Amino acid sequence: MPDVFIVYKPLAIMTTRCTTMKMIKDLYLIAVMFSIILIIDGCKQDDPSPSEQLIGSWKYVSTVSSGCTDPTDNGTHTCSIDCTVLEFTSTTVKITDSSSITYTYTISGSTLKVTVQGQIETYTLSISGKTLTLTEQATMDDGNCKDVSTYTKL
């Protein structure tokens, strides 16, 4: 009878080694697959910059004015017909309403600077989905109004 165990014992050791090797191969395969997923996920594009998001046409929706020196200047203006459209390229903005005028602009972070007849008008810009918000703070000489204008991407 001991001979029987001797014959089966190497087979049992061999079976255990095969099982261990298969487990190592499986773990290796899982590690490789996980690494590939991490590499692919890490290569996703970053969110577009504000200047990239700004390019295109934006239709005027409304402006809320507040903090004005003259309280009668505070209020909301909403457009429903023949609204102004801003058309941004990488360096210019074309303002289309009853006429059409093109200006140059620059962006630094969330600051938009538009050059209008040699003067620089400064806005804080924010883009969320298809909504552009431009905020302008007038000086005390210009009524001190804070104007928050919203536009919708066309």
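Summary of computed values
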quantity: Cα→Cβ-extended label distance, 7 Å offset, between Thr72 and Thr106, nm; calculated: 4.0 nm
quantity: Relative packing of 58-64, 81-87, 95-101, which averages over residues the other C-beta atoms within 10 Å, highest first; calculated: 58-64, 81-87, 95-101
quantity: Separation in nanometres of the label points that stand 7 Å from Cα toward Cβ, at Ser51 and Asp141; calculated: 3.0 nm
quantity: Segments 68-80, 136-148 sorted - mean Cβ within 10 Å per residue, highest first; calculated: 136-148, 68-80
quantity: Counted charge near Lys153, where neighbours are those whose Cβ lies closer than 9 Å (Asp, Glu -1; Lys, Arg +1); calculated: +2
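Readers should treat all values here as calculations from the given coordinates under stated rules, not as data from a laboratory. Bear in mind that the values here come from a model prediction, so they are computed numbers and not experimental data. When we count neighbours, we look across all protein chains shown, and the Cβ atoms used for this are built from the backbone with ideal geometry, even at glycine.
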